[in-house]
Amino acid sequence: MRRWGWAIACALAVAVSGCDRVSLFARFISKNAATLARSSRPLPVASRNPERRDARLAALWVGHATVLVQLDDKFILTDPVFTSSVGQLSKRLIEPGLDVEHLPRIDATLISHMHFDHLSLGSLDLLEDKLERVYLPEGGAVYVPLSRTPTIELPSWQSHEVAGLRVTAVPVRHNGWRYAGDRSWMTKSYTGYVVEYRGLVLYFGGDSAYTHAFRQTGQRFSRIDLAILPIAPIHPRAFMCRHHIDPREALDAFRDLGARSMLAIHFDTFVNSLDEYGEAPRTLRKLLPQYGLDEERVAVLRQGEQRVFIPRPRAGAPDVGPTARAHAVSRAGSALRAARAVQRAPPRARP
């Protein structure tokens, strides 16, 4: 009853926005209803020891927007969701790629916005003893008042640094409300993040529509080693485009950020759109040749899969250091942008 009470409340809230949204919500409920009686599919192999001694930068996709990132000896966790459902409405299609018990101590937990599939209070409760601090967008702390973990709100372009780990909130285009009734005042509670540590630079986009903010961030942070970007939901596009990038726009954002590598997220974990299962990664892979890219640069992982993006130098091998590596990445990025300029169609209007 509790689950369907929440669904009815959501339907009533959406109804005030117009018949088109009511129709969309009804179709969404229909797709989710088919998953409620089924158990989440188990992973063939779930990771048990995510710490990589051979890596300076590694990422493990847990599912949806949850990624465990290793930056040397620091661990970052993005939008942690380890529960079997979100909002008591959308059930997980596949089990998390990593059990909570196998998580290392987390130095920084990044919450991009307040939606149930990104701010999971049940997951934060499960993780509380493993978290050093939680970063939230402006105004977000109001939804975690009982947390024993230190919480830091960061407005856009503000930073917080502890022991050399620097976290900066960067602008994206989304929305920050959690319940329909709070949309009038939760107008700034969404963000992306850039994390810097020992010359390594990570970008986490959370959720966003396509926006000039990607280019702004790329200009402020001239060398981003890894950009974690959503590639879904896609459909219905006229509705989703206001708040979500699709696979093509994700590649445009990757280009605008000037990042070295990209990790695709936010697909095939929950039913949150009218997309078919597997559609988003399949579309992304088809688009890669048009951008002169391959899956070496743009990672499409299975849930529970981990990739080393920057290996640790072998013993006795010269370490070129962050400065030389930055120059190499800058040259590669400049060449890539020049190639894109030749291929690109006339620029479209940006919001």
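The values are calculated or read from the model by the stated rules, or taken from the named source; none is laboratory data. No experiment lies behind these values; they were computed from the predicted model shown. Cβ coordinates were reconstructed from backbone atoms using ideal geometry, including for glycine residues, and neighbour counts include every protein chain displayed. Quick note on the areas: whole protein, heavy atoms, side chains included, nothing else; ligands and nucleic acids left out. Shrake-Rupley method; radii C 1.70, N 1.55, O 1.52, S 1.80 Å.
Being small (Gly, Ala, Ser) and assigned to a strand (DSSP E or B) is the filter here, so list the residues in the stretch 257-313 that pass it. Please lay out each step first, then the result.
Taking the stretch 257-313 as the starting set, the residues that turn out to be small (Gly, Ala, Ser) are 258-259, 261, 264, 273, 278, 280, 292, 299, 304.
Passing the criteria: 261, 264, 299.
Listed residues 108, 163, 169; which is farther than 25 Å from residue 267 by Cα and among the small types (Gly, Ala, Ser)?
On the way: 108 fails: farther than 25 Å from residue 267 by Cα; 169 fails: farther than 25 Å from residue 267 by Cα.
163 is the lone residue from the list that is farther than 25 Å from residue 267 by Cα and among the small types (Gly, Ala, Ser).
Looking at 214, 254, which one is at pLDDT 95 or above, crowded, with 22+ Cβ neighbours inside 10 Å, in contact with an Asp or Glu (Cβ under 8 Å, 6 or more places away or on another chain) and assigned to a helix (DSSP H, G or I)?
On the way: 254 fails: in contact with an Asp or Glu (Cβ under 8 Å, 6 or more places away or on another chain).
Selected residue: 214, the only one of 214, 254 that is at pLDDT 95 or above, crowded, with 22+ Cβ neighbours inside 10 Å, in contact with an Asp or Glu (Cβ under 8 Å, 6 or more places away or on another chain) and assigned to a helix (DSSP H, G or I).
Residues that are open to solvent by 10 Å² or more (accessible area, probe 1.4 Å) and touching a residue at least 12 places away in the same chain (Cβ under 8 Å): find the strands (runs of 3 or more DSSP E) completely inside the stretch 48-135 holding 1 or more of those.
55-63, 74-78
For the stretch 153-174, which positions are modelled with pLDDT of 90 or more, under 19 Å from residue 118 (Cβ atoms) and buried (at least 16 other Cβ atoms within 10 Å of the Cβ)?
Answer for the stretch 153-174, where residues must be modelled with pLDDT of 90 or more, under 19 Å from residue 118 (Cβ atoms) and buried (at least 16 other Cβ atoms within 10 Å of the Cβ): 153, 154, 156, 167, 168, 169, 170, 171, 172.
Which pairs turn up if I take residues in the stretch 208-236 that are farther than 18 Å from residue 158 by Cα and look for partners that are at pLDDT below 95 and of a type in the set (Ser, Thr, Tyr) with beta carbon separation below 6 Å, at least 6 apart in sequence or on another chain?
233/273; 235/273
Give the stretch 246-277 a look and list any residue that's of a type in the set (Phe, Trp, Tyr) and closer than 15 Å to residue 208 by Cα, or say none. Steps first, answer last, please.
Filtering the stretch 246-277 for residues of a type in the set (Phe, Trp, Tyr) gives 254, 267, 270, 277.
Those that are of a type in the set (Phe, Trp, Tyr) and closer than 15 Å to residue 208 by Cα: 254, 267.
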